[in-house]
Amino acid sequence: MNAPALARPLLALVAASLAAAALLAWATAGQQRRDAAYQRVRAEHQAARVRLEEARRNLDLYRRHLDDFRRLEARGFIGPEARLRWVELLQGFAAERRLPRLEYDIGPQAPAAPPGLDMPEGLALNVSELRVRAGLVHEGDAFALWRLLREQAPGLASVARCRLERVGDGPPRPGRALVDLDCLFEMYTVQWTGS
Amino acid sequence: MPAREQHLLCFTGRELYWLAGKAGTWLSARRFGADADGFSAFAAALAAAPPRPLPLLLDLLEEDFELVEAPRLFGADRRALHRRLLQRHFRERALAACSVQRRRGDREWLLLSALTHDEALAPWLDALRAAGRPAAGLWSLPRLGEKLLPALGATRGPALLVSRQAGGGLRLSFYDDGRLLLTRLAPARGPTAEQAETLQEEIGRTLRYLETQNYFDADRVLDVYLVAAANSLAALAPQLAGDTRKRYRLVDEDGLLVRLGGRRRVDAPEGLCAFAQLLVRPLPPRPHYLPETESRWLRRHRLRRAVQAAAAAVPVLAVLGAGSLWLDGRLLERRSAELRAEQARIEAAYRRAVADLEDVGLPVETVGRLVELARALEDRYGAGPEAMLRTLSQIVERHPAIRLRRIDWLRSHDPGSAFGETVPQLDRREARRLARGRLVYLFHKARVEAEAPGLADRPRQAMEAVQRFLDDLAAAAADWRVETLSAPFDLDPASRLAGRALDPGSAPVRFSFVIERRRTL
């Protein structure tokens, strides 16, 4: 009795395996190519999404802060100091109020580092001391001086120290000092130093 | 798809039957005698048959069975024991088998069986080998009965199966819990009405033997399954009624065949088709005997079939796999296209957003931080002495005897800055946090000098007026701390007090105090 022949089935199996391997290799290569393209597109898509989100966040930031920024810019908080404007304001104030005397002394500008306040990167906060000594006709002149510097002087004006002393009696009269004033103002400005 | 053909050989010892059918239906039964004509006809039939192994069912008188009790062993010991038992009982027999039929604890009952006249079978096996279609296996009909019992509903307890032997006579096989313990052939033509008396005698004889061997308890009722044609059973039924020791169950052969998934359209020997049906099912039982030649051939044949199946399956699987990969790739392409479209939408939205951004010359984050910084500075240093002075003025208006002379105001982060007033002591933790910048205080502080010019000659009223003024101030500025630095008259017994009683105006009534507010940033 002849044993069942195995040669032809084995040959067929080898041929089928080779053909299958070739087919699978071709299909795998195609799939890998498409997968790589998909991963590339997905990465680009993700990057675009990140860019858009950043742009939207920036837009939102701008919308929230732009008005305040413009106000600060107009007020002179951003940029170099405008000392001349300070002097003009003080001279105008003394003349308008008919003060018997008003002296000012502006110190050199220095970097400011208020405690507990983190300074944003790329920004430099500076401060200059402005000392004002004046004879006031009325106590209300002190309030007017503080308001004037705070609202009209370029930069952010802050009263750091102040002395008010009564030096005369009687009704207020232009040119006659009833109150002696000695105040120290801190004039803050900020400058962009780069990223 | 063409219906699958089914073929089965049945050897009775004197002749060979070839049952053929299709799709579960037995269509023909050819008989071949054990003579030259029979062999040549068989060879011709083999040449025309499909080229695959044929199952061979044996319903032989010359098949011996021995039931022996043996210890229960495992592995190689078990195989060696079985080999020894077969050698002892069937020394010269080439086709012998051993199977476990019953187990009780560490003992088991082995059914040894062998073909005692395999020379009669040899020419048929040789013919099969010569045709290149060896037997797919040899199945013993009484042993195969074990597989028939589930269809009869007799898997538990003792059962006696009575059927007609293909070569003539009656086969009586006794099973316990579905396992064969005894089988014998009786010289009768079959379970017919004419043979009822003989049948009952043979069953009774078998029963007595079983009782003698303790295989069956005499007090029990035995279920007897008679498998025969429907007309034979109908005539036999009345004659079997009234037997109280045996419960006869008359099994119509055709009905049984249907239960096994087959049909019969051929006049084959009675009972044979039911057994034959068991061997053409998709998963037939293992052969009871298998000659070494057939075993080798079958192994090679199965290997060949497996290789052929693999050769057929591999391309199919490869096509399926490749198709799956191709589909996956197409899906990825589609997803890529969708992502590209979405990306284009995102880019357009991005361009719109960028166009809306006004160029202020600074990065957007810096703008936000700068505004935040300005707000923080404004919050810290925006307030000056106005609030404090307004409050003081309001209190002074309510106390006409008091007049302010001098105010020194300052703003500071330093808890130690003082005008001579008591500075509250910091605890260690607070001092440490202040030093590290984790805690920041902001102080608004003023030293105020005042006087009561009209009360110089009335020290008591002057003291009371000053005290009322200070109390009023403390009540009006609840969040401020007020501390007196100097009183109009220092009444401390440890200090010195001097003045001119007749010129009170020469020593004006003056006092000073500190007012302070602390804020934690």
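The values are calculated or read from the model by the stated rules, or taken from the named source; none is laboratory data. These numbers come from a predicted model, not from an experiment. Quick reminder, even Gly has a Cβ in these numbers, built from the backbone with ideal geometry, and neighbours come from all protein chains shown. The protein model used for the area step is the full one, side chains on, heavy atoms only, and it has no ligands, DNA or RNA in it. Shrake-Rupley method; radii C 1.70, N 1.55, O 1.52, S 1.80 Å.
Table for the structure above
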read-out: All positions within the range B:127-179 that are open to solvent by less than 10 Å² (accessible area, probe 1.4 Å), more than 22 Å from B:GLY261 (Cα to Cα) and in a helix (DSSP H, G or I); value: B:LEU128
read-out: So B:VAL367, is it more than 30 Å from B:HIS444 (Cα to Cα), modelled with pLDDT under 80 and crowded, with 16+ Cβ neighbours inside 10 Å; value: no
read-out: Counted residues, the range B:341-363 - those being within 7 Å of another protein chain (Cβ to nearest Cβ), part of a helix (DSSP H, G or I) and either of a type in the set (A, V, I, L, M) or farther than 30 Å from A:ARG64 by Cβ (or both); value: 4
read-out: Selection within the range B:219-232 - surrounded by 11 or more Cβ atoms within 10 Å (Cβ to Cβ), without any contact (Cβ under 8 Å) to a residue 60 or more places away in the chain and either in contact with a helix residue (DSSP H, G or I) (Cβ under 9 Å, 6 or more places away or on another chain) or not in a helix (DSSP H, G or I) (or both); value: B:VAL221, B:ALA229, B:ALA230, B:SER232
read-out: Top-ranked residue in the range A:65-78 [being under 13 Å from the mean Cα position of the chain (by Cα) and open to solvent by less than 40 Å² (accessible area, probe 1.4 Å); ranked as nearest to A:LEU145 (Cα to Cα)]; value: A:PHE77
read-out: A:SER158, sole failed condition from (1) more than 30 Å from B:ARG438 (Cβ to Cβ); (2) within 14 Å of chain B (Cβ to nearest Cβ); value: (1)
read-out: Total residues in the range B:379-425, condition in contact with a helix residue (DSSP H, G or I) (Cβ under 7 Å, 6 or more places away or on another chain), more than 14 Å from chain A (Cβ to nearest Cβ) and either in a helix (DSSP H, G or I) or open to solvent by 50 Å² or more (accessible area, probe 1.4 Å) (or both); value: 2
read-out: So A:ALA113, is it closer than 18 Å to B:ALA374 by Cβ and exposed (fewer than 13 other Cβ atoms within 10 Å of the Cβ); value: yes
read-out: Residue check, A:LEU61 out of contact with any Phe, Trp or Tyr (no Cβ under 8 Å at 6 or more places or on another chain), open to solvent by less than 80 Å² (accessible area, probe 1.4 Å) and either more than 8 Å from chain B (Cβ to nearest Cβ) or modelled with pLDDT under 90 (or both); value: yes
read-out: Extreme residue, nearest to the chain's Cα centre (by Cα), among residues of the range B:301-342 that are open to solvent by less than 50 Å² (accessible area, probe 1.4 Å) and β-branched (Val, Ile, Thr); value: B:VAL314
read-out: Of all residues in the range B:89-98 being modelled with pLDDT of 90 or more and open to solvent by 30 Å² or more (accessible area, probe 1.4 Å), the one that is nearest to the other protein chains (Cβ to nearest Cβ); value: B:ALA96
read-out: Any hit, the range B:71-80, residues being within 27 Å of B:PRO123 (Cβ to Cβ) and open to solvent by 60 Å² or more (accessible area, probe 1.4 Å); value: no
read-out: Filter pass, B:ALA476 being farther than 30 Å from A:PHE185 by Cα and either aromatic (Phe, Trp, Tyr) or touching a residue at least 12 places away in the same chain (Cβ under 8 Å) (or both); value: no
read-out: Residue among A:ALA43, A:ALA47, A:ALA27 that alone is open to solvent by less than 50 Å² (accessible area, probe 1.4 Å), among the hydrophobic types (A, V, I, L, M, F, W, C) and more than 7 Å from chain B (Cβ to nearest Cβ); value: A:ALA47
read-out: Identity of the residue in the range B:99-111, assigned to a strand (DSSP E or B) and surrounded by fewer than 13 Cβ atoms within 10 Å (Cβ to Cβ), that ends up nearest to the chain's Cα centre (by Cα); value: B:ARG103
read-out: Answer from B:ASP479, B:ASP490 - the residue that is in contact with a Leu (Cβ under 8 Å, 6 or more places away or on another chain), open to solvent by 70 Å² or more (accessible area, probe 1.4 Å) and acidic (Asp, Glu); value: B:ASP490
read-out: Some residue of the range B:282-292 being farther than 30 Å from B:VAL227 by Cα, modelled with pLDDT under 90 and facing chain A (nearest Cβ under 10 Å); value: no
read-out: Search result, residues across the range B:438-471 that are in a loop (DSSP other than H, G, I, E, B), open to solvent by 10 Å² or more (accessible area, probe 1.4 Å) and closer than 20 Å to B:ARG405 by Cβ; value: B:ALA456, B:ASP457, B:ARG458
read-out: Which listed residue, of B:GLU333, B:GLU338, B:GLU372, is more than 7 Å from every other protein chain (Cβ to nearest Cβ) and more than 20 Å from A:LEU52 (Cβ to Cβ); value: B:GLU372
read-out: Only listed residue being touching a Pro at 6+ places or on another chain (Cβ under 9 Å) and at negative phi, chosen from B:LEU257, B:LEU240, B:LEU210; value: B:LEU210
read-out: Selection count, the range A:116-133, where residues are surrounded by fewer than 16 Cβ atoms within 10 Å (Cβ to Cβ) and more than 23 Å from B:GLU372 (Cβ to Cβ); value: 2
read-out: Tally, over the range B:52-98, of residues that are assigned to a strand (DSSP E or B), within 20 Å of B:LEU138 (Cα to Cα) and without any contact (Cβ under 8 Å) to a residue 60 or more places away in the chain; value: 3
